[in-house]
1. Answer yes or no as to whether LEU145 is modelled with pLDDT of 90 or more, surrounded by 14 or more Cβ atoms within 10 Å (Cβ to Cβ) and not in a helix (DSSP H, G or I).
2. For segment 57-78, state whether one or more residues are in contact with a Phe, Trp or Tyr (Cβ under 8 Å, 6 or more places away or on another chain), more than 23 Å from ARG103 (Cβ to Cβ) and among the basic types (Lys, Arg).
3. Can you tell me how many residues within segment 103-126 are surrounded by 13 or more Cβ atoms within 10 Å (Cβ to Cβ) and modelled with pLDDT of 85 or more?
4. For segment 8-17, which positions are of a type in the set (Phe, Trp, Tyr) and part of a strand (DSSP E or B)?
5. Does LYS20 satisfy the criteria of being in a helix (DSSP H, G or I), out of contact with any helix residue (DSSP H, G or I) (no Cβ under 9 Å at 6 or more places or on another chain), touching a residue at least 60 places away in the same chain (Cβ under 8 Å) and not aliphatic (A, V, I, L, M)?
6. I'm checking my understanding of the structure. Among residues of segment 58-114 that are polar (S, T, N, Q) and in a helix (DSSP H, G or I), which one is nearest to TRP138 (Cα to Cα)?
7. Check off (1) closer than 17 Å to GLN139 by Cα; (2) within 14 Å of the chain's Cα centre (by Cα) for ARG21 and give me the number that stays unchecked.
8. I need the full set of residues from segment 12-31 which are surrounded by fewer than 19 Cβ atoms within 10 Å (Cβ to Cβ) and hydrophobic (A, V, I, L, M, F, W, C), in order please.
Amino acid sequence: MEAIREDEGLWRDVYRERQKRALDRPIEQRVVSRTTKAVFGSTQGPDARVSTNLYDRVSLAYATAQGDLRAENVEGSHGVQGWLVIPVREASRNRRRVRHSRRDDNPYHAEILLPDEHAQNWEDAEVHLRAFLTTSTWQDRFSPLP
């Protein structure tokens with residue numbers, strides 16, 4: 001697969017209606033809260049990374065089908081609600097790295113790796129999550145992909 005370009009986007013599945021409402025608003029109205037932090041639940045720990053997918057390389061049908069499959073493992077989910085789309089250009093700022101991490105069941109998987117010193121606890125990682133919330137766009141599952 002070709003290298004990830006800075007003009008691409010990365011998508012993060014959103015499974016809960018409450019998270020959708022928190023993210024489907026103008027950037028200046030988004031806040032870091034328990035609800036929005038939950039979108040990035042796997043972000044803390046010594047090997048912290050944000051699991052994403054290569055947004056610009058898939059169709060809406062593929063993103064929806066894959067999101068709905070993953071939603072089956074999320075308690076209280078009724079399917080993927082939409083996606084938080086983070087530009088690679090923004091995801092790779094402040095010493096973060098973006099890498100393609102293809103999986104057998106997902107050739108479009110990618111990860112945002114946080115700087116080591118910011119991956120030890122939630123408070124250190126939060127600065128990056130705030131950046132993602134203020135530089136991303138919301139893509140509802142019922143809207144066409146650009």
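The values are calculated or read from the model by the stated rules, or taken from the named source; none is laboratory data. This one's a predicted model, so the numbers in the text were calculated from it and none came from an experiment. So basically every Cβ, Gly included, is an ideal-geometry build from the backbone, and we count neighbours across all protein chains shown.
1. Details: modelled with pLDDT of 90 or more: no; surrounded by 14 or more Cβ atoms within 10 Å (Cβ to Cβ): yes; not in a helix (DSSP H, G or I): yes.
For LEU145, the condition - modelled with pLDDT of 90 or more, surrounded by 14 or more Cβ atoms within 10 Å (Cβ to Cβ) and not in a helix (DSSP H, G or I) - is not met.
2. no
3. Of the residues in segment 103-126, the ones surrounded by 13 or more Cβ atoms within 10 Å (Cβ to Cβ) are 106-115, 118-120, 122, 124-126.
Adding the requirement that they be modelled with pLDDT of 85 or more leaves 106-113.
The qualifying residues number 8.
4. Initially, segment 8-17 is screened for residues of a type in the set (Phe, Trp, Tyr), giving 11, 15.
Across segment 8-17, the qualifying residue is only TRP11.
5. Numbers: in a helix (DSSP H, G or I): yes; out of contact with any helix residue (DSSP H, G or I) (no Cβ under 9 Å at 6 or more places or on another chain): yes; touching a residue at least 60 places away in the same chain (Cβ under 8 Å): yes; not aliphatic (A, V, I, L, M): yes.
It is true that LYS20 is in a helix (DSSP H, G or I), out of contact with any helix residue (DSSP H, G or I) (no Cβ under 9 Å at 6 or more places or on another chain), touching a residue at least 60 places away in the same chain (Cβ under 8 Å) and not aliphatic (A, V, I, L, M).
6. Let us first name the residues in segment 58-114 that are polar (S, T, N, Q), namely 59, 64, 66, 73, 77, 81, 92, 94, 101, 106.
When the remaining residues are screened for being in a helix (DSSP H, G or I), the result is 64, 66.
Numbers: THR64: 14, GLN66: 18 Å.
Filtering first and then ranking leaves THR64.
7. (2) is the only condition that ARG21 fails.
8. The answer is ILE27, VAL31.
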